[in-house]
Structures are given as structure tokens and as C-alpha cells.
Amino acid sequence: MKTATYGTMHLGVAFGVAYALTGSVRMAGTIALVEPAIQTVAYALHERAWRDPAALRARLARAVDAMRSVVVPSLAAIAAADRR
């Protein structure tokens, strides 16, 4: 139960901050869903870093490339749609 309520709170905070910064419900919703997913990956990588720093560098480079290929075009498309 604690994990579920924390996850819900995290989504709410992410949405609130993103909405305050962008003024867009759609952009805030996207960020509120993407940010926790990225945070989960970052946490897992952080935990692994304490076990094997060299392996972390390789994983991190792959993860950043993968996130860029998905997140940046998606946010750019949403921003372009909001400008219309």
C-alpha cells in the first residue's frame, strides 16, 4: 500500500510541476508518465553502480541513447501540436 500511494504522489507532483512550468495539461501528463519511468531506470542503474562502476557507464550510455530516441521526438511533437 505504501508503494502504491508513493507512486500516486510521485505522479501528482510530477504533473503539478510540469503543468506549472509548461501550462499545458497534455505536456504535463506526458512528463508525469515519462519522468517516473526514467527515474525507475535511473534508480536501478544507481544501485548497479555501487556494484560495478565500469558496467554502469556502458549501461548508462545505452539507456540515455534509448531515452533520447523516444522521449525527445515525443515531446517535440506534443509541443508542436500545442502551438497550433
Over region 6-16, the set of residues surrounded by 13 or more Cβ atoms within 10 Å (Cβ to Cβ) and farther than 21 Å from VAL70 by Cβ is VAL13
Practice problem: Inspect region 71-83 for any residue being surrounded by fewer than 12 Cβ atoms within 10 Å (Cβ to Cβ) and basic (Lys, Arg) and give the result as yes or no. | Solution: yes
Given the conditions (1) among the aromatic types (Phe, Trp, Tyr); (2) at pLDDT below 85; (3) touching a helix residue (DSSP H, G or I) at 6+ places or on another chain (Cβ under 7 Å), every one holds for TYR19 apart from (2)
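Listed here are the residues, each with its yes/no results for (1) of a type in the set (Gly, Ala, Ser); (2) outside any helix (DSSP H, G or I); (3) open to solvent by 80 Å² or more (accessible area, probe 1.4 Å).
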{"site": "ALA28", "(1), (2), (3)": "yes, no, no"}
{"site": "VAL34", "(1), (2), (3)": "no, no, no"}
{"site": "ILE38", "(1), (2), (3)": "no, no, no"}
{"site": "VAL41", "(1), (2), (3)": "no, no, no"}
{"site": "ARG48", "(1), (2), (3)": "no, no, yes"}
{"site": "ALA54", "(1), (2), (3)": "yes, no, no"}
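Condition test on ARG62, is it open to solvent by 60 Å² or more (accessible area, probe 1.4 Å) and not in a helix (DSSP H, G or I)? Break it down into steps so the answer makes sense when it comes.
On the way: open to solvent by 60 Å² or more (accessible area, probe 1.4 Å): yes; not in a helix (DSSP H, G or I): no.
No: the conditions fail for ARG62.
Select from region 1-38 the residues that are of a type in the set (Lys, Arg) and without any contact (Cβ under 8 Å) to a residue 40 or more places away in the chain and list them in ascending order.
To start, the set of residues in region 1-38 that are of a type in the set (Lys, Arg) comprises 2, 26.
Hit for region 1-38 is LYS2, nothing else.
Does ARG68 satisfy the criteria of being in a helix (DSSP H, G or I), among the basic types (Lys, Arg), exposed (fewer than 11 other Cβ atoms within 10 Å of the Cβ) and without any contact (Cβ under 8 Å) to a residue 40 or more places away in the chain?
Criteria met by ARG68.
The values are calculated or read from the model by the stated rules, or taken from the named source; none is laboratory data. Fair warning: this is a prediction, and the values are worked out from it, not measured in the lab. Neighbour counts run over all protein chains shown; Cβ positions are idealised from the backbone, glycine included. Protein only, heavy atoms only, side chains kept; ligands, DNA and RNA dropped before computing areas. Shrake-Rupley method; radii C 1.70, N 1.55, O 1.52, S 1.80 Å.
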